[in-house]
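Only one structure is covered here, and it is reproduced in the block below.
The values are calculated or read from the model by the stated rules, or taken from the named source; none is laboratory data. Keep in mind the model is a prediction, meaning the values are calculated, not measured. With ideal geometry, Cβ positions are generated from the backbone for all residues, glycine too; neighbour counts draw on all protein chains shown. Keep in mind that these areas ignore ligands, DNA and RNA; they rest on the heavy atoms of the full protein, side chains included. Shrake-Rupley method; radii C 1.70, N 1.55, O 1.52, S 1.80 Å.
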Amino acid sequence: MAPKKGLVGGLEAKKSVLSAVLLADSFTQQFRPMTIERPKVLLPLVNVPMIDYTLEWLVAGGIKEVIIFCCAHASQIQRHIDTSKWGSQKSVNIQVITERSCRSAGDALRALDQKGIMEDDFVLVSGDVVANLNIAAVLEEHRLRRAKDQNAIMTMVMKPMQSAAQRWRLGLGEALTALDPSTHRLLRYDPLDGSFRKRRAAMEAQLWGERDVVSLRTDLCDCHVAICSLEVLVAFSDNFDYQNIQRDFVSGVLSEEELGNKIYVHEAVHDYVVRVHNLRSYDAVSSDILQRWAFPFTPDTNLLPLHGPWGPSTFCYTRHNIYKEQSVCISRSAQVGHDTAIGAGTHIEDHAQVVSSVIGRNCRVGKNACIRGSTLHGNVTVEDGAVVTEAVLCEGCTVMTDAVIAPGAIVSFKVVVGRGQTIPAHTRVSLCQQLTITGSDDELEYAKPEDLEDGESQDMLVDSNADQVEKPLAAVVAAAEALAGRHRPRKGPQEDFSSDEEGSVISTADIPDAVLGDPEASFKREVTETFLRCVKHGFDQDYAVVELNGLKIAEDRTFADCSRHMFTAILGLCLPAPPRTKAEYLELYPQAAVDFHSAAGRTQLLQRLAGQLQRWVPLLQRFLRSEDDQVEVLLTLEEFSGEGGSSGEAFAAVFAQVLKLLYDTDLVEEGAMLAWAAEKEHAEAHERVYVDKASEFLQWLREAEEEEEDDDDEEADAQGTDNFVRFRFHPSARDEKKPHVPDDICLNVVVLGASGDLAKKKTFPALYTLFYRKHLPESFAVIGYARSKLSNEDLREKIRPMLKGGTDLDRDNFISAVTYVSGSYDDAAGYQGLHKALKERESSHAEVPIGRLFYLALPPSVYPQVCRGIKHHCEEMDQNPGCWQRIVIEKPFGKDFASSEKLADELNDLFPEEQLYRIDHYLGKELMQNMLVLRFANAFLGPMWDCQSVSNVQICFKEDIGTEGRGGYFDEFGIIRDVMQNHLMQVLALLAMEKPISMSADDIRDEKTKLLRCVKAVKAEDCVLGQYTANEKMPGYKDDEGVPKDSKTPTFAVVVLKIQNDRWHKTPFILKAGKALNERKAEIRIQFRPPAQLLHGDKMEGSRNELVVRIQPNEAIYLKLVAKQPGLGMKTLVSELDLTYKDRYPRCYIPEAYERLILDAIRGDQQHFVRRDELRAAWAIFTPLLHAIDDKRVKVHDYKPGTRGPPEADKKIAEAGYIKNKTYEWCGNTVIVLEKMREVLLRDFAKMIGAHAKLQAQTFAS
């Protein structure tokens, strides 16, 4: 609404006065339970209420009018203003305005607009900001900008973070910020969610329309300080969905650019500006104040107001950043360490230690007590021998003798921790009853009923939750006071420190659970027992989710709290039952402890944990909602390992291996592990123990991340340059779900031809990857067999350099599972030795199923004799249920129809078709695996997948290298036998087949075979053949060793196929394959027919729609379509809808084809292997043409390396109906284009240097 003039609420608006609006509510619950009893802005920060830092900074910057806007605890804030120096301050007018109905910052600003108080630009700031920024200068900068442009409605103060560690230290999230570097205008503000799944953002190309440069940054953090014009208030009033300033308002303004409103950024590069928004930043800002980063707001300047019995601030500074007020009594034997502040009236007794801590006024630290990295508010007692580490103790609480407060704990007002009691890490203890609140993340810190102003009813409290937030029960207070009576803190300086008067102490049996009970321990017990019930009774995990969600809501906890305690219970189930375990759950725990000092004991512990994780990871994942939650799991593991005792020591001994288990089971992502390590980068040595233990594994993660990022940089470029420009940040990884292989099987993989290149380069690396990614059972071994005279160690050293990924430990474990047997392929003795090795290994697994996989990495000519040797000498095995034996054979499967049938007959005489797995590695490629899903899971493709819509289909295989030493082998087969008859025909079958009845292997292969039988045999006139000759860069095919000089074997072929069925009878299928061409790629191009009528007068015949499936490299699926070019005209252009895998699935692991197919063979899935009738149908198509080529009855054209092939091939493809759009180039090729540009620039630069040198020489000569 429009601003009002005159007096409003007792406050007179003055146009020329520098004003500020201070939001006293944080609208979060980060500081509960402390904020139940006291507003966050009044919590002491180095003994001074947070709000005083903000007010002092505003006043120092020339602000004359401050409006403190409260939604809760208003009476306490008003009382603080009245009783402190602010109540009598003449230089500034401070008004407290209360509006209890507000639930968010947006509500507060709407209420402020309704009151019509503000009439000029103002500073908007949270009451928990600590800063020494010159705010008057920022305000003046904003006003000057406003004078030039009335649409400049806000200037946000942001601080650049020097490193990720600095951001983590303050607990700050990241945001992608786009700025105009010349004007500092904010163009894009995209807070990141911390899930490590978001690694790119789309930037509208129009951002570059008005400027040449856009600065993209992730180092800027919002300081929650902004200079606002009145239009900001109006915008909130007009948009009731604006709740959060950054997330809603800023993003909304930037997305509604047509309204003209603009936001600018002031970078606080050399100034200190930080908001205390959570406990992590509370600790960090306290340290910064002590280390004088916030000067002049440091304790010794005594600028900030302190009041009470001990009078104003009297801090003095000594070396090592130690600050002490007057009237402090410190024993000579006590030790006060660096970065410490001690308030007036505090007594520190003999041999006590206080390091890196803030001690409030009138506290007592007993003999031999230790306080490290903690904050004690006023009137706190820590008795003899107590230990407080990295905790917060609120006013009036007592820690009795030998009690322990673990890191991260909060002990709220007047709580008494009993003698010898331990408050576990991250526990929050309060005498107040807790709220049960569900809803958004921006909940109020609710006021207590006694905070209501006179005459106000409890009905004014938000959501009628006032009755849930009560002051401590009388019995609780009485018990706490009785326990603390012996060491009651003094009320003023006149009392004597030496009083040792005995006080009455009531029995602990009479004290309510609220005092002695630990809420965190109670919640942990409830979660653990719920989880153990599910384990014991075998309940469905959905039941556990319902139960645990109920506990979470009832106790006002987070998902991470539930997962943390479940994870602790899982760790416990790997060890003997702890003391006080209920009898009904004892059977769940192992009876015997593990000897973690021995390798066998550590292995046993890891096996137990792996079994538990395999069962319960899905449940844990449902409670891990973000990366921060996963970091909490790592901190829990660290805490569990560091607890001492046999349990902690056992897991401490295998900490690095447990970390890898969590990664392999997908419980904790790579990003969370690296974030956990980064958080501890600057920690002290004792806090880095477990990071150091896992250093090798963490380094492997970093290297893997860098390799994938390098691949992304090389292969993935900005997509859709006509519409968007994409930018990457934050890698994130999660492996695919593991296909099922029974864990109780004894698996032996026999690699025949183990000394050959195929085994070394493909088979062993694929088996290793499956092994270290945990796709194989624990009882797994590889036996190599070949004619070469090798020892076990010889073979291991031969294959070790080929094993990539994993850790050194993974490689060692895999290598140790590899053995070798030497023997001839036609010698019975060799196979008998192989059988003996198998039986020796299997004898120790008599009670489990046996699986044997024979992988023939051999030439087809020896298949029959090798299979006979396996059949006659190696087939005998224990007939336990589930035992199996399978044979994997490599292509080529014959040279023509007759030889293929002969080979098939010989193999089928020895083994049934169910045991034979003919491997075609193209069927294992990711895009081929996706083909059936693409076709039959997308309804819009069905109606257009026929000859009525499809003009032609092109299946292309291109290599940019020649035969390179394999010419002798290649000359026996040629490009058609090597690639086209097998790989490309399998692609065609999947592309054109009818929908199968089911996804079973036989149903799919039935449809493929039906399709292949409909393909007409190829004639000579249906093809163009080629053979590459020599040029300056590459020798010709006939120059390769072993190739006859008169060879007519084709290295290139284009074949046009016709399918005689109703769906495809009008559509030609073009197969193209060749070596030594202009690029390396394999792809499918489905070109659609043009529309019946062309509009707009454009010649669009060459702009046909195409669906392109890029099989390799840089896997992608993209649809070319015609769109209007942006602008005033109606000019059209060809663009694309793009699914590039490395962009869309940037951290997904895409397995190698051999990995997938070997795993399918182990699982007994024949879907991606070639059946005999498929093979027969494919050979029938090509055999007539192959015989004509062998008889040299088909012309073979020459072509130069690096070209597209012989020109006749392009003519044949054009005759088949394919129309190439010469003006379009897929932006996935941008890498190639940039490389070519780089070459041109380097060449031009070299010419320029040469000309310059020549000119210098001429000048010198003259």
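Side notes on the structure shown:
- Additional length obtainable on full extension of the chain from Asn908 to Val862, 0.36 nm per residue less Cα span: 15.1 nm
- Model label points for Arg1193 and Tyr969, set 7 angstrom from Cα along the Cα-to-Cβ axis, are 3.1 nm apart.
- Protein-only accessible surface order, largest first, of Glu547, Glu696 at 1.4 Å: Glu696, Glu547
- Using C-alpha pairs below 8 Å separated by at least 6 residues, the relative contact order for the range 908-1045 is 26 percent.
- For Arg918, the residues whose amide H sits under 5 Å from its own are Ile889, Val1170, ignoring neighbours fewer than 5 places away on the same chain, with H placed 1.01 Å from N.
- Cα-Cα over 22 Å, subset of Lys1016/Lys1066; Lys774/Lys839; Lys552/Lys774; Lys1075/Lys1195; Lys1038/Lys1195: Lys774/Lys839; Lys552/Lys774
- Under 5 Å from the amide H of Ile359 lie the amide H atoms of Ala341, Ile342, Gly343, Leu376, each residue being 5 or more positions distant or on a separate chain, with H modelled from the backbone and absent for Pro and chain starts.
- With all protein chains in place and ligands, DNA and RNA left out, the 1.4 Å accessible area ranks Val751, Val862 as Val862, Val751, largest first.
- Cα gyration tensor shape of the range 514-591, rounded if a/c is under 1.5, else prolate or oblate by comparing a/b with b/c: oblate
- Of the residues Ser255, Val276, Phe295, the one whose Cα sits farthest toward the positive end of the charge dipole of the range 240-310, with +1 on the Cβ of Lys and Arg and -1 on the Cβ of Asp and Glu, is Phe295.
- Per-peptide packing, taken as the mean over residues of other Cβ atoms within 10 Å, places 1104-1116, 291-303, 343-355 in the sequence 343-355, 1104-1116, 291-303 from highest down.
- FRET efficiency, 1/(1 + (r/R0)^6) with R0 51 Å, evaluated for Ser101 and Ser331 via beta carbons: 0.45
- Within the range 581-648, GluC sites (Glu not before Pro) in DSSP loop having at most 16 other beta-carbon neighbours inside 10 Å: Glu643
- Per-residue 3J(HN,Hα) values for the range 1053-1067, derived from phi via the Karplus relation 6.51 cos²θ - 1.76 cosθ + 1.60 with θ = phi - 60°, read 8, 10, 10, 9, 10, 10, 9, 8, 9, 5, 6, 10, 5, 9, 10 Hz in sequence order (x marks Gly and Pro).
- Taking label points 7 Å from Cα along the Cα-to-Cβ direction, Ser816 and Ala599 give a separation of 0.4 nm.
- Candidate lysines for bridging to Lys1247, where Cα separation is under 18 Å - those fewer than 8 sequence places away on the same chain excluded: Lys1236
- Within the range 520-588, trypsin sites (Lys or Arg not before Pro) in DSSP loop having at most 16 other beta-carbon neighbours inside 10 Å: Arg580, Lys582
- Residue pairs, from the table Lys1081/Lys1142; Lys958/Lys995; Lys1120/Lys1211, whose Cα atoms sit over 18 Å apart: Lys958/Lys995; Lys1120/Lys1211
- Relative contact order (percent, whole number), the range 965-1013, Cα cutoff 8 Å, 6+ residue spacing: 28
- Qualifying lysines (Cα of each under 18 Å from Cα of Lys115; at least 8 residues distant if same chain): Lys4, Lys5, Lys14, Lys15
- For the range 778-786, 3J(HN,Hα) computed residue by residue from phi via the Karplus equation (6.51, -1.76, 1.60; θ = phi - 60°) reads 5, 8, 9, 8, 10, 10, x, 9, 6 Hz, glycine and proline entered as x.
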